[in-house]
Ligand code: GLU
């Protein structure tokens, strides 16, 4: 079924090569976009420069090509988007929605309660009027964020209670993931976000920020996350083995199986993807376990 104006994206962090978990996210978002005759953009999330591994972005791009996951238009690089992030911060600043924060991680670890994604900022610096050389936080409104996830249904989260005012620019000058994703999804005109359920905890913060910046909220589909043998998310940090782009078929077939597409046949990548595309149906995805934030 074609959805007019569908625009999806894959947004890997180049902290290592593509692994099976990220292939699943890439394939899920590619299939969803192509099944709706949509466009699929690629964005390299290299905003957090200390985490970037030299050469990893190129390795990811080459692997995506080998897996047949072709993208539309030029690749967006977050490391080149500083001006847009600064413009968004200026706008929030003018609206009185930002404040400087001098709290250290240690202060927070000692004082903050834990929420869905780490310490909840207790608001220590909210009224201090601090400015230069600090982290910048967004004033989060006291209201529940509700959104419709295409797999989970209604999801609700009280961001003020679960996260508190969150950081948009760190004290070392680096713009954060939350800021960069929201500014870039808007700049790329993304209408549909399909990504791993490990990012479900970030979605309510991103919606708060979209509302503060007055940009549209895309549709969300959070995919089940691939776990390793000990039940943790398969990730570059936990040493997930890289994929072999010279032998794309076994991994592609396994990723399709993980996404509930059975065992699509096919002797080459193009064939296999065509079959997976014909079968793609988000309703067939395996259920999400333990990923709920809370229903509306
Ligand atoms: N860069 C993030 C990651 O690799 C994904 C961001 C997103 O899809 O919003 O986990």
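The values are calculated or read from the model by the stated rules, or taken from the named source; none is laboratory data. All figures in this text were calculated on a predicted structure; none of them were measured in a lab. Virtual Cβ from ideal backbone geometry, glycine too; neighbours counted across all protein chains shown.
Side notes on the structure shown:
- Leading residue by the ranking (nearest to the ligand (Cβ to nearest atom)) among those in the stretch 208-219 that are over 26 Å from residue 20 (Cα atoms) and surrounded by 20 or more Cβ atoms within 10 Å (Cβ to Cβ): 209
- Qualifying residue in the stretch 139-150 (condition: over 30 Å from residue 288 (Cα atoms) and touching a residue at least 60 places away in the same chain (Cβ under 8 Å)): no
- Picking from residues in the stretch 14-25 that are more than 10 Å from the ligand (Cβ to nearest atom) and part of a helix (DSSP H, G or I), the one that is farthest from the chain's Cα centre (by Cα) is 20.
- When residue 129 is tested against (1) part of a loop (DSSP other than H, G, I, E, B); (2) within 23 Å of residue 26 (Cα to Cα), only condition (2) is not met.
- Test for residue 31: is it surrounded by fewer than 21 Cβ atoms within 10 Å (Cβ to Cβ), assigned to a helix (DSSP H, G or I), within 16 Å of the ligand (Cβ to nearest atom) and more than 15 Å from the chain's Cα centre (by Cα): no
- Identity of the residue in the stretch 114-135, closer than 14 Å to residue 163 by Cα and either within 25 Å of the chain's Cα centre (by Cα) or touching a residue at least 60 places away in the same chain (Cβ under 8 Å) (or both), that ends up surrounded by the fewest Cβ atoms within 10 Å (Cβ to Cβ): 114
- Test result for residue 9, surrounded by 21 or more Cβ atoms within 10 Å (Cβ to Cβ) and in contact with a strand residue (DSSP E or B) (Cβ under 8 Å, 6 or more places away or on another chain): yes
- The residue list 146, 138 contains one member that is closer than 30 Å to residue 32 by Cβ, away from the ligand (no atom under 16 Å from the Cβ), buried (at least 17 other Cβ atoms within 10 Å of the Cβ) and under 22 Å from the mean Cα position of the chain (by Cα), which is 138.
- Being over 22 Å from residue 75 (Cβ atoms) and within 12 Å of the ligand (Cβ to nearest atom) is a condition met by no residue of the stretch 239-252.
- Picking from residues in the stretch 42-60 that are in contact with a helix residue (DSSP H, G or I) (Cβ under 9 Å, 6 or more places away or on another chain) and touching a residue at least 40 places away in the same chain (Cβ under 8 Å), the one that is surrounded by the fewest Cβ atoms within 10 Å (Cβ to Cβ) is 49.
- Of everything in the stretch 40-54 that is farther than 30 Å from residue 282 by Cα and not in a loop (DSSP other than H, G, I, E, B), the residue that is nearest to the ligand (Cβ to nearest atom) is 51.
- Pairs, first farther than 27 Å from residue 35 by Cβ in the stretch 64-82, second at pLDDT below 95 and assigned to a helix (DSSP H, G or I), C-beta under 7 Å, six or more apart: 79/49
- Extreme residue, nearest to the ligand (Cβ to nearest atom), among residues of the stretch 155-168 that are surrounded by fewer than 21 Cβ atoms within 10 Å (Cβ to Cβ) and part of a strand (DSSP E or B): 167
- Taken over the stretch 182-199, the criterion of being out of contact with any helix residue (DSSP H, G or I) (no Cβ under 6 Å at 6 or more places or on another chain) and within 12 Å of the ligand (Cβ to nearest atom) is satisfied by 184, 185, 188, 190, 192, 193, 197, 198, 199.
- Unmet requirement for residue 37, which otherwise passes all of (1) in a loop (DSSP other than H, G, I, E, B); (2) within 13 Å of the ligand (Cβ to nearest atom): (2)
- Within the stretch 71-79, at least one residue is surrounded by fewer than 22 Cβ atoms within 10 Å (Cβ to Cβ) and assigned to a helix (DSSP H, G or I).
- Residue within the stretch 220-236 that is surrounded by fewer than 19 Cβ atoms within 10 Å (Cβ to Cβ), away from the ligand (no atom under 11 Å from the Cβ) and in contact (Cβ under 8 Å) with a residue 60 or more places away in the chain present: no
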